[in-house]
Amino acid sequence: MPEKLVITGNFAAAYACKSANVDVVAAYPITPQSPVVEKISEFVESGEMPDTQFICVESEHSAMAACVGAAEAGARVFTASSANGLALMFELLCWCAGARLPAVVCIASRALGAPWTVWTDHQDAISMRDTGFMHQFCETNQEIYDSVLMAYRIAEDPRVFLPMFVTYDGYLLSHTMMPVQIEDPEKVRDFLPPLKTHVDVGELGETRSVSAVIPPDITVRPEGNTPGYMEYRYAMQKAHEYAIDVIEEVNREFKVKFGRSYGNGIYTSYKIEDADILIFGIGSVASQSRMAVDQLRSEGIKAGLISLKLFRPFPVKHLREIFTRVPLVVVFDRDVAYGYEGVLAYELKAALYPCQNRPIIRSYIVGLGGRNIPTDTLTKAVKRAIKEKDDSSVQLDPHTDFLDLDLDRLGLSIEDMQKEAQ
Amino acid sequence: MVKISEYPEEEFILPGTRLCAGCGLQLAYRWALKAFGHDTIVTLPASCSVVAGGVGGYSPLKIPAVYDCFETGASTASGLAGALKAKGREKTKTVVAWVGDGGTYDIGLQALSAAAERGDDFVYICANNQAYMNTGIQRSSASPYGARTTTTPILGKKEISKNMLKIMDAHGLSYMATASAAYPQDLFEKCQKAKEMQGQGVRYIEILCSCPPGWGYGVENSVKMARLAVETGYWPLWERIHGRITLSKAGSKFIDPEKRKPITDFLTPQVRFKHLKQDAISVWENYIAGVWKEIQKELDETNQ
Ligand SMILES: Cc1ncc(C[n+]2csc(CCOP(=O)(O)OP(=O)(O)O)c2C)c(N)n1
Ligand SMILES: [Mg+2]
């Protein structure tokens with residue numbers, strides 16, 4: 001029976017794992033993800049997930065390694081982590097994608113140490129960018145539940161066979177209760193049939209090996225040539241490209257089946273029809289920006305919002321189509337590519353570079369390490385971007401603006417802080 | 001012990017691997033796979049054994065192999081075993097983690113300890129060639145006292161090897177054994193026993209694998225070196241079933257110091273020990289005496 005529960009984002013992830021009838025879960029606790037592991041343990045011990053093996057590993061590294069091993073034996077696998085745990089997984093995340101295993105990994109996002117912190121930003125999730133995983137962001141607990149189900153469908157599609165992250169903000173979603181519709185198991189099975197994998201070492205007696213050494217060039221053999229490393233990696237890149245259509249398809253199908261959808265599955269938009277300024281953000285930043293849009297509109301500024309759901313594959317075509325409609329885009333990043341600027345900002349700039357009508361793009365860093373992002377901060381930043389839009393000295397200056405720094409109240413200049421750090 | 005003529009003729013690793021001539025590890029691999037047989041999934045982390053698996057689609061193996069990251073021999077095996085269990089197929093396959101000494105004693109120790117504590121269902125083989133051979137003979141914590149490696153290039157290793165067997169014993173395993181590449185029948189039977197004890201958690205076998213380039217001796221002497229390790233009393237052969245130790249027939253007589261060959265028979269033919277002086281040889285002799293003393297104590301306790 002479908003049921004509506006009022007649960008946290010972490011529990012929404014755990015319920016999705018149950019609804020997806022995952023074969024093997026291997027996970028390790030870390031704040032703010034821990035309740036995912038705890039809830040799944042409860043499901044398994046109480047007999048509510050009778051077909052699932054829960055491997056209570058000793059580290060995130062082993063969690064992902066066990067998921068890789070299980071997926072290679074044809075299992076549907078799940079794990080979740082945050083920040084330092086996710087960083088510890090890195091080697092295996094790359095391995096998982098390289099082996100083309102359709103794992104789903106939830107990230108309850110959290111800033112990375114040092115210094116120690118448990119609060120949210122997107123640095124951990126964004127830093128996993130080049131692992132080869134696909135990557136969705138969520139804004140509500142219902143979206144977490146739905147996105148995990150969709151992620152399995154997408155990942156397990158034979159056109160794709162890639163793992164996928166489902167990211168949601170630590171605390172803001174992970175520990176906040178919201179109503180979530182948990183779907184009927186039969187209906188979910190209909191949408192998400194049991195995994196038909198391309199690799200099952202348990203079944204294929206004559207499969208010689210998985211992930212053996214591959215030389216740079218193709219190997220010419222009388223039995224048929226085999227690809228070199230680069231051909232495999234090209235296939236992985238292509239899979240990312242094909243995935244965009246699959247993601248849109250799955251989003252549409254999900255809507256037909258369950259009556260919910262998330263924009264076009266790529267991004268959601270808010271008040272963009274008549275907008276001449278677009279805000280671009282993900283997760284909690286996008287949620288807060290909705291209020292900024294309303295505020296700005298009440299002051300007569302025609303702002304709109306694009307909340308990016310699909311971070312990887314990066315939906316270049318969709319973004320070009322939408323962002324060339326306006327002269328000004330303001331990007332709020334809750335992450336930094338240190339030594340450069342916000343990741344979303346520079347990726348958007350790169351995507352729009354070949355376009356005739358590319359807008360001015362202004363980028364700001366917000367909310368690192370869980371710092372609150374007041375609506376006012378966002379509206380002020382948008383107004384500043386409007387004011388400085390045609391000022392070429394501002395546009396050409398390669399600085400990165402951190403919003404809401406409190407250096408004055410700290411009584412220190414940035415030079416003082418540098419000295420302290422030394 | 002079964003007659004050599006009665007062992008399965010079928011080979012699971014075919015000739016023409018990329019391993020060095022005279023590789024002791026390959027010999028052990030060949031006999032172990034004969035014991036494990038068709039319904040085996042083997043997982044191998046970065047090590048010489050990955051090289052053994054071939055390159056570019058060529059593979060000498062006749063059983064499915066999963067290659068994995070250096071420190072994940074045990075954790076990948078946990079995942080494989082978990083998947084089989086989730087599908088109700090755990091009785092149809094033997095999962096074998098085949099890991100080097102570096103992958104066992106050093107970087108993979110944490111994952112192995114955790115899998116052993118959880119009682120995950122697989123056989124764990126430590127193919128111990130006493131250094132990181134695949135990456136060019138660097139020291140591991142399994143490298144023996146005095147051994148020159150590329151990271152102990154002049155003075156040789158100053159520490160004796162980690163007592164890994166004691167660490168594994170502390171996990172209360174159902175089955176543990178030592179073996180040597182020079183005693184294939186003994187090795188075969190131990191692997192078979194470990195296989196038969198399916199469903200009883202991690203079964204751990206450590207095989208001493210002689211290595212011509214790593215140890216520094218001629219390729220024709222691999223069997224001889226792995227045999228001398230046993231005959232000098234340096235590498236006792238035993239098994240421990242549910243905590244009860246028994247000496248293996250192949251090497252039981254070496255409990256008697258009189259029957260042992262001098263340790264210099266093992267040390268002097270190897271380039272890695274060429275620089276050792278008498279005081280270092282005494283360290284070896286004391287080490288061997290200590291190893292047997294512990295075994296004797298355990299035997300006495302068992303027989304009480
Ligand atoms: C995380 C990581 N660190 C280092 C390496 C490099 N590496 C590959 S194999 C190896 C040594 C393997 O030694 P051992 O486990 O004893 O196996 P052997 O090669 O001797 O058979 C090292 C250091 C790696 N692959 N991964
Ligand atoms: Mg080694």
Magnitude of the Cβ-charge dipole (Lys and Arg +1, Asp and Glu -1) of the stretch B:4-302 about the Cα centre, nearest 20 debye, reported as 320
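Hey, any idea what Rg/Rh is for the stretch A:267-421, computing Rh the Kirkwood way over Cα pairs?
0.97
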Counting only protein heavy atoms and using a 1.4 Å probe, what share of the accessible area of the protein assembly as shown belongs to carbon plus sulfur, as a whole percent? 54
Can you give the three extents of the C-alpha atoms in the stretch B:164-271 along their principal axes, from longest to shortest, in whole Å? 42, 30, 25
State to the nearest 20 debye the size of the charge dipole of the protein assembly as shown about its Cα centre, where the only charges are +1 on K and R beta carbons and -1 on D and E beta carbons. 1280
Evaluate the relative contact order of chain A (contact order divided by residue number), counting alpha-carbon pairs under 8 angstrom at least 6 apart; express in whole percent. 15
In whole Hz and in residue order, list the ³J(HN,Hα) couplings for the stretch A:220-231 that follow from phi through the Karplus curve 6.51 cos²θ - 1.76 cosθ + 1.60, θ = phi - 60°; x for Gly and Pro. 8, 9, x, 7, x, 6, 10, x, x, 3, 5, 5
If you average the alpha carbon positions of the stretch A:285-303 and of the stretch B:1-46, how far apart do those two centres end up, in angstrom? 68
Out of residues 5 or more away from residue B:146 or on other chains, whose amide H comes under 5 Å of its own, with H placed 1.01 Å from N in the peptide plane? B:157, B:158, B:159
Using R₀ = 45 Å, calculate the FRET efficiency as 1/(1 + (r/R₀)^6) where r is the Cβ-Cβ separation of residue A:189 and residue A:409; round to 0.05. 0.20
Under the Karplus relation 6.51 cos²θ - 1.76 cosθ + 1.60, θ = phi - 60°, what is the ordered set of whole-Hz ³J(HN,Hα) values for the stretch B:14-26, x standing for Gly and Pro? 8, x, x, 7, 8, 6, 5, 4, x, 5, x, 5, 5
Just how far, in whole angstrom, is the stretch B:74-142 from the stretch A:34-63 if you go by their alpha carbon centroids? 22
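Just the number: Rg to Rh for the stretch A:20-177, Cα atoms, Kirkwood Rh, two decimals. Don't skip to the answer; put the middle values down first.
Values: Rg = 14.2 Å, Rh = 15.2 Å.
The Rg/Rh ratio comes out at 0.93.
Could you compute Rg(Cα) / (2.2 N^0.38 Å) for the stretch B:134-188, with N its residue count? Show your work: numbers first, answer last.
Details: Rg = 14.5 Å, N = 55, 2.2 N^0.38 = 10.1 Å.
Here the Cα radius of gyration is 1.44 times the empirical estimate.
With a cap of 12 neighbouring Cβ atoms within 10 Å, and only residues DSSP puts in a loop, list the GluC sites (Glu not before Pro) found in the stretch A:214-253. Walk me through the numbers before you get to the answer.
Details: sites: A:223, A:231, A:241, A:248, A:249, A:253; in loops: A:223.
Taking the stretch A:214-253 and a limit of 12 other Cβ atoms within 10 Å, the loop GluC sites (Glu not before Pro) found are A:223.
So for each of A:304-310, A:402-408 I average, over its residues, the number of other beta carbons within 10 Å; can you give me the resulting order with the highest mean first?
On the way: A:304-310: 25.1, A:402-408: 12.9.
Ranked by mean Cβ neighbours within 10 Å, highest first: A:304-310, A:402-408.
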Quick one: ranking A:198, A:61 by accessible area, 1.4 Å probe, largest first, what do you get? A:198, A:61
Between B:256, B:68, B:186, find the one with the highest GNM mean-square fluctuation for chain B; connect C-alpha pairs within less than 10 Å. B:256
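How big is Rg to Rh over the stretch A:337-402, alpha-carbon atoms, Rh as the Kirkwood inverse-mean-distance radius? Intermediate results must be reported in sequence, preceding the final value.
Details: Rg = 12.8 Å, Rh = 13.2 Å.
Result for the stretch A:337-402 is an Rg/Rh of 0.97.
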Taking alpha-carbon centroids only, the stretch B:243-304 lies from the stretch A:161-228 a number of Å equal to 50
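Of the listed peptides A:14-24, B:2-12, A:103-113, what is their order by residue-averaged count of other C-beta atoms within 10 Å, with the highest listed first? Each step should come with its number before you reach the end.
Values: A:14-24: 24.8, B:2-12: 10.6, A:103-113: 26.8.
Listed from highest to lowest mean packing, they are A:103-113, A:14-24, B:2-12.
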Given a 10 angstrom Cα cut-off, can you work out which residue in A:311, A:161, A:258 is the most mobile in a GNM of chain A? A:258
With charges set only on the Cβ (+1 for Lys and Arg, -1 for Asp and Glu), what does the dipole of the stretch B:116-168 come to about its Cα centre, in debye to the nearest 20? 360
Mind listing P(r) for the stretch B:4-302? All alpha-carbon pairs, 5 Å bins, whole percents. 1, 5, 12, 17, 20, 18, 13, 8, 3, 1, 0, 0
Taking a quarter of the surface of the convex hull around the Cα atoms of chain A, what do you get in nm²? 23.5
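Using only DSSP helix segments of four residues or longer, with each worth -39500 (n - 2.57), what per-residue ellipticity at 222 nm results for the protein assembly as shown after dividing by its residue count and rounding to 500?
Working: 24 runs with 273 residues, N = 726.
It comes out at -11500 deg cm²/dmol, rounded to the nearest 500.
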Once both axes come from the Cα atoms, what is the angle between helix B:222-231 and the longest principal axis of chain B, in degrees from 0 to 90, rounded to 10? 70
Give me the net charge of residue A:231's neighbourhood, meaning all other residues with Cβ under 15 Å from the Cβ of residue A:231; Lys, Arg count +1, Asp, Glu -1. +3
Which one of A:367, A:405, A:352 has its Cα pushed farthest toward the positive end of the charge dipole of the stretch A:267-421, where Lys and Arg give +1 and Asp and Glu give -1 at the Cβ? A:352
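So which GluC sites (Glu not before Pro) in the stretch B:139-225 pass both tests, a DSSP loop state and at most 16 other Cβ atoms within 10 Å of the Cβ?
Working: sites: B:159, B:189, B:196, B:206, B:220; in loops: B:159.
In loop regions of the stretch B:139-225 (DSSP not H, G, I, E or B), the sparsely surrounded GluC sites (Glu not before Pro) are B:159.
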Scalar couplings 3J(HN,Hα) for the stretch A:368-383 by Karplus 6.51 cos²θ - 1.76 cosθ + 1.60 (θ = phi - 60°), nearest whole Hz, x for Gly and Pro, are 5, x, x, 4, 4, 10, x, 4, 3, 4, 6, 5, 4, 5, 5, 5
Separation of the residue B:256 and residue B:300 label points, Cα + 7 Å toward Cβ, nm: 2.0
Give me the net charge for the shell around residue A:266: Cβ to Cβ below 11 angstrom, other residues only, Lys and Arg +1, Asp and Glu -1. -1
The set of residues whose placed amide H lies less than 5 Å from the amide H of residue A:218, leaving out same-chain residues fewer than 5 positions away, is A:228
For the pair residue A:232/residue A:273, report the inter-label distance in nm, with labels modelled 7 Å from Cα in the Cβ direction. 5.1
Antiparallel DSSP beta bridges within chain A, percent to nearest 5: 25
With springs only between Cα atoms under 10 Å, which of B:162, B:91, B:62 fluctuates most in a Gaussian network model of chain B? B:91
Would you tally the net charge around residue B:10, using a Cβ to Cβ cut-off of less than 10 Å, leaving residue B:10 out, and scoring K and R as +1, D and E as -1? 0
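The values are calculated or read from the model by the stated rules, or taken from the named source; none is laboratory data. Here the structure is a predicted model, which means the values were calculated and not measured. With ideal geometry, Cβ positions are generated from the backbone for all residues, glycine too; neighbour counts draw on all protein chains shown. Side chains included, ligands, DNA and RNA excluded: accessible areas come from the protein's heavy atoms. Shrake-Rupley method; radii C 1.70, N 1.55, O 1.52, S 1.80 Å.
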